[in-house]
1. Looking at A:Tyr223, A:Tyr208, can you tell me which residue is in contact with a strand residue (DSSP E or B) (Cβ under 7 Å, 6 or more places away or on another chain), more than 8 Å from every other protein chain (Cβ to nearest Cβ) and surrounded by 20 or more Cβ atoms within 10 Å (Cβ to Cβ)?
2. Residues of the range B:61-79 being touching a Ser or Thr at 6+ places or on another chain (Cβ under 8 Å) and not in a strand (DSSP E or B), which ones?
3. Taking the range B:143-167 as the search range and keeping residues that are touching a residue at least 24 places away in the same chain (Cβ under 8 Å) and farther than 18 Å from B:Cys12 by Cα, which one is farthest from the other protein chains (Cβ to nearest Cβ)?
4. Would you point out the residue of the range B:128-142, among those that are outside any strand (DSSP E or B) and without any contact (Cβ under 8 Å) to a residue 40 or more places away in the chain, that is farthest from the chain's Cα centre (by Cα)?
5. Of the residues A:Ser113, A:Ser74, which single one is free of Cβ contacts under 8 Å to residues at least 60 places away in the same chain and more than 19 Å from A:Leu157 (Cα to Cα)?
6. B:Ser113: over 12 Å from the mean Cα position of the chain (by Cα), within 13 Å of chain A (Cβ to nearest Cβ) and of a type in the set (S, T, N, Q), yes or no?
7. State whether one or more residues within the range A:76-83 are more than 20 Å from A:Ser28 (Cβ to Cβ) and surrounded by fewer than 21 Cβ atoms within 10 Å (Cβ to Cβ).
8. Of all residues in the range B:158-187 being aliphatic (A, V, I, L, M) and assigned to a strand (DSSP E or B), which is farthest from A:Leu111 (Cα to Cα)?
Protein chains: 2
Amino acid sequence: MTDRKKPRILVCNDDGIDADGIHVLAGSMKKIGDVTVVAPSEPRSGMGHAMTLGVPLRVKEYRKNSRFFGYTVSGTPVDCIKVAISHILPEKPDIIVSGINYGSNTATNTLYSGTVAAALEGVIQHIPSIAFSLTTYENADFSYAGKIARKLVRKTLREGLPEDTILSVNIPNIPESEIRGIKATRQGKSRWAENTIERDDMYGNPYYWLSGKLKLLDENTAYDEYAIRENYVTVTPISIDMTNHEALTAIKGWKLKK
Amino acid sequence: MTDRKKPRILVCNDDGIDADGIHVLAGSMKKIGDVTVVAPSEPRSGMGHAMTLGVPLRVKEYRKNSRFFGYTVSGTPVDCIKVAISHILPEKPDIIVSGINYGSNTATNTLYSGTVAAALEGVIQHIPSIAFSLTTYENADFSYAGKIARKLVRKTLREGLPEDTILSVNIPNIPESEIRGIKATRQGKSRWAENTIERDDMYGNPYYWLSGKLKLLDENTAYDEYAIRENYVTVTPISIDMTNHEALTAIKGWKLKK
């Protein structure tokens, strides 16, 4: 039987249902709510806000060690949210959590991130949503991340979130004792320095492989990427309104005629 | 020989290199600059800011009526910009134009749009960038759109754009005489009302197909989607900084402890 007072929590990610991060996040959320997991059947990193238009989606039950864990969708993180709300869940969840992602979703990575996109899709559907990332690809230790996720979900359920806005939370991969605090930050200015590689295949035809290195452009801990490197957990409010409101005044000044 | 005074213009889109819109845009741009076309080999609508991480990309020359038109990339609009700048163009372009897209890139569509994402990727790479859309899927008449695109590119090359910001331009599919003017607008609040369809395949297994209808939530012509319906061309400055700066104050007030 469902306890009505328990919040209904939808858990998604972009690393796919096999990733450790979503198992940690679902486990953490089960301590405070009724959890439904709906995640991509395969890793879908770097998908941004992509959705699947030209082909149908399949939904499957996913079991781990023969126990039911959740549902997979044969699409993107955004697809997962759409199908979960329209067809899997009997009613809208109270909150959506996405992650815990491998690798930082700071700075311009915010635009590429499927983890963030899943949360943004939640807000588009008027559901408070939070994206969580652990800022490493190696030797991930999710134990503190799972704890801080629960804390932030509780806080969000109590306080609510500003209109049309998610929280993008990044957690450094260091022991809890070394965390210097939790900081509300803005999206950093760091960017990928492109390093796309050209190689020849066995037939002598070139192919290209995207690659790059994040170049630190942030000056202080007001920015997410820099604060992370200074051992803070960062909480960045990200909006689905991408209008540059200051620039709007400048463009109005152009006095464009048809 | 290249005329050094002519601006170097990179043309991309998300409907793929066969789409009419990119041929109109490239033709229009050739009147004012040196044009290179780099576009997805196939339609890539709704891809958002997706990039291709797990597989290599292929670049091919594309000809129309046996004449060279441009290059195709076997990936997303964002991939096209990355590969164009790192490997196809001998130097950075002066401006990137994306489109002309079929269907409006207003309101929350801004997040799903590959056309907008290509332009955002341009700005990430410090190149002024503009996305163009004709707000129809049927009976498209690109003649005025091609003209207004040229006008806005000229203006942008003269004035520059605000930092980290693109222009997302939407053009109603009506005769030029019915256009009421060009309006600097903000991203609208209209959203897709989900209508994802569940059907059974021939084996009795369900599949899901994303679908929806744009629900008008904008109240006045300050918002792109509403202004379009009132027969204005809209010019919306869209930023790669998605921080909700007002919300930042609220989150700081949470006084989060680790």
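What follows is calculated from the coordinates using simple rules that are stated; it is not laboratory data. Since this is a predicted model, take the numbers as computed values, not measurements. Positions of Cβ are backbone-derived with ideal geometry, glycine not excepted, and every protein chain shown enters the neighbour counts.
1. Details: A:Tyr208 fails: more than 8 Å from every other protein chain (Cβ to nearest Cβ).
It is A:Tyr223.
2. Within the range B:61-79, B:Ser74, B:Gly75, B:Thr76, B:Pro77, B:Asp79 meet the criteria.
3. Just the residues of the range B:143-167 that are touching a residue at least 24 places away in the same chain (Cβ under 8 Å), to begin with: B:143-150, B:152-154, B:156-157, B:160-162, B:164-167.
Checking which are farther than 18 Å from B:Cys12 by Cα leaves us with B:143-144, B:160-162, B:164.
Values: B:Ser143: 13, B:Tyr144: 8, B:Gly160: 10, B:Leu161: 8, B:Pro162: 4, B:Asp164: 8 Å.
Selected residue: B:Ser143.
4. So in the range B:128-142, the residues outside any strand (DSSP E or B) come out as B:128, B:135-142.
Keeping just the survivors that are without any contact (Cβ under 8 Å) to a residue 40 or more places away in the chain gives B:128, B:136-139, B:141.
Values: B:Pro128: 13, B:Thr136: 14, B:Tyr137: 15, B:Glu138: 18, B:Asn139: 20, B:Asp141: 18 Å.
Among those residues, the one meeting the criterion is B:Asn139.
5. On the way: A:Ser113 fails: free of Cβ contacts under 8 Å to residues at least 60 places away in the same chain.
Sole residue among the options that is free of Cβ contacts under 8 Å to residues at least 60 places away in the same chain and more than 19 Å from A:Leu157 (Cα to Cα): A:Ser74.
6. Details: over 12 Å from the mean Cα position of the chain (by Cα): no; within 13 Å of chain A (Cβ to nearest Cβ): yes; of a type in the set (S, T, N, Q): yes.
In short, no.
7. Taking the range A:76-83 first, the residues more than 20 Å from A:Ser28 (Cβ to Cβ) are A:76, A:78-79, A:82-83.
After this cut, where a residue has to be surrounded by fewer than 21 Cβ atoms within 10 Å (Cβ to Cβ) as well, the list is none.
No, because not a single residue in the range A:76-83 is more than 20 Å from A:Ser28 (Cβ to Cβ) and surrounded by fewer than 21 Cβ atoms within 10 Å (Cβ to Cβ).
8. So in the range B:158-187, the residues aliphatic (A, V, I, L, M) come out as B:161, B:166-167, B:169, B:171, B:174, B:179, B:182, B:184.
When the remaining residues are screened for being assigned to a strand (DSSP E or B), the result is B:166-167, B:169, B:171, B:182, B:184.
Details: B:Ile166: 14, B:Leu167: 17, B:Val169: 20, B:Ile171: 25, B:Ile182: 28, B:Ala184: 24 Å.
Of everything passing the filter in the range B:158-187, B:Ile182 is farthest from A:Leu111 (Cα to Cα).
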